[in-house]
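Single-structure report; data block below.
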Amino acid sequence: MPRSQRTVAAIIPCKDEADRIAATVEAVLGLDGVDKVVVVDDGSTDDTAAVADAAGADVIVHAQNFGKAAALETGVRHLRELEGFNATDTHAPRHLLFVDGDLESSASNLHVLLPPVLEGRADMTIATLPPQSTAGGGHGFVVRLARDGIQNLTGWSAKQPLSGMRCLTAEAFDAASPLAPGWGVEVGLTVDVLSSGLRIEEVPCELQHRVSGKDWSGQVHRAKQYRDVWRALTRRRVRKVLGERASGVAHRL
């Protein structure tokens, strides 16, 4: 199906966002071009699922926390099953909009990510965020690791390599599947999409979300991020080297 005839489905992975998820879902449902919102409750201990359902989302619940990448894959799989059940669905396969659950009303500004994908100018768009109203507690180690790793592998320099708000084609998602586990998902997406010869565009977007602080939980979160980003990059470096060696052998033969 031509891209211009497709619509967009939003996938929102979240955990313990009962206070924010309703406003986020309502803002995303109001986006022109989005005709479905799937929330994946990734092991919440609060009322996230019930609140998201009341706000108008399709809700899938993980009985325990499996991580962001797993939640995104669950959401996309659920969407494709729905499209498969409805033989008259002329918008399938939908483009995808990945949304963090804590954006609240600022999610209405995600509309800027859609036109480059809907119009065929990009295979994936990435939101670049303004300074947040509450400063984070990190020192930029994870961002530098991600940016340098992406550039070394692809030659492309990302302004905000860890941004999770993205609109992408079904083809781009397939090119990056299976997704890099955990918090390496964004870096893996970027490297895999570019390595497949597809196009990425970063788009400024006025979004506000919760940032990790300087307390112990914030430090633990950033340590896990660093670990997952390092793993995603290392696996892709190994894959690239093996691919180059295989290509060299084939060329000599």
Verdict on A127 being in contact with a Gly (Cβ under 9 Å, 6 or more places away or on another chain) and modelled with pLDDT of 95 or more:
yes
Checked the range 21-47 for anything assigned to a strand (DSSP E or B) and either farther than 22 Å from H95 by Cβ or touching a Gly at 6+ places or on another chain (Cβ under 6 Å) (or both); matches are V38, V40, D41, D42
Note on the range 36-51: residues over 16 Å from L97 (Cβ atoms), open to solvent by 20 Å² or more (accessible area, probe 1.4 Å) and not β-branched (V, I, T) are S44, D46, D47, A49, A50
- Query: Just wondering, is there one or more residues in the range 4-20 that are more than 22 Å from N65 (Cβ to Cβ), of a type outside the set (A, V, I, L, M, F, W, C) and in a loop (DSSP other than H, G, I, E, B)?
  - Reply: yes
task: Test D58 against the stated conditions and say whether it is surrounded by 20 or more Cβ atoms within 10 Å (Cβ to Cβ), at pLDDT 95 or above and in contact with a helix residue (DSSP H, G or I) (Cβ under 8 Å, 6 or more places away or on another chain).
output: no
Restricted to the range 194-239 and to residues being part of a helix (DSSP H, G or I) and either among the acidic types (D, E) or at pLDDT below 90 (or both), the residue surrounded by the fewest Cβ atoms within 10 Å (Cβ to Cβ) is W216
Selection over the range 93-128 where residues are buried (at least 20 other Cβ atoms within 10 Å of the Cβ) and assigned to a loop (DSSP other than H, G, I, E, B) yields a count of 8
Residue hits (the range 182-193; on the phi < 0 side of the Ramachandran plot and modelled with pLDDT under 95) are W183
Scanning the range 153-190 for residues that are among the hydrophobic types (A, V, I, L, M, F, W, C), open to solvent by less than 20 Å² (accessible area, probe 1.4 Å) and closer than 18 Å to F141 by Cβ gives A158, V187
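Table: residues versus (1) within 15 Å of G101 (Cβ to Cβ); (2) acidic (D, E).
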| residue | (1), (2) |
| --- | --- |
| Q5 | no, no |
| I12 | yes, no |
| D16 | yes, yes |
| R20 | yes, no |
| E26 | yes, yes |
| G30 | no, no |
| G33 | no, no |
| D53 | yes, yes |
| K68 | yes, no |
Just one listed residue, out of A18, A70, is in contact with a Ser or Thr (Cβ under 7 Å, 6 or more places away or on another chain), within 27 Å of Q225 (Cα to Cα) and open to solvent by 20 Å² or more (accessible area, probe 1.4 Å), and it is A18
- Message: Condition check: closer than 22 Å to S105 by Cα, in contact (Cβ under 8 Å) with a residue 60 or more places away in the chain, among the acidic types (D, E) and open to solvent by 20 Å² or more (accessible area, probe 1.4 Å). Does D32 satisfy that?
- Response: yes
| said: Looking at the range 135-154, can you tell me whether even one residue there is in contact with a Leu (Cβ under 8 Å, 6 or more places away or on another chain) and over 18 Å from G188 (Cβ atoms)? | reply: no
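The values are calculated or read from the model by the stated rules, or taken from the named source; none is laboratory data. For clarity, every value in this text was computed on a predicted model and none was experimentally measured. Every residue, glycine among them, receives a Cβ derived from its backbone with ideal geometry; neighbour counts consider all protein chains shown. In case anyone asks, the SASA skips ligands and DNA or RNA and just uses the protein heavy atoms, side chains included. Shrake-Rupley method; radii C 1.70, N 1.55, O 1.52, S 1.80 Å.
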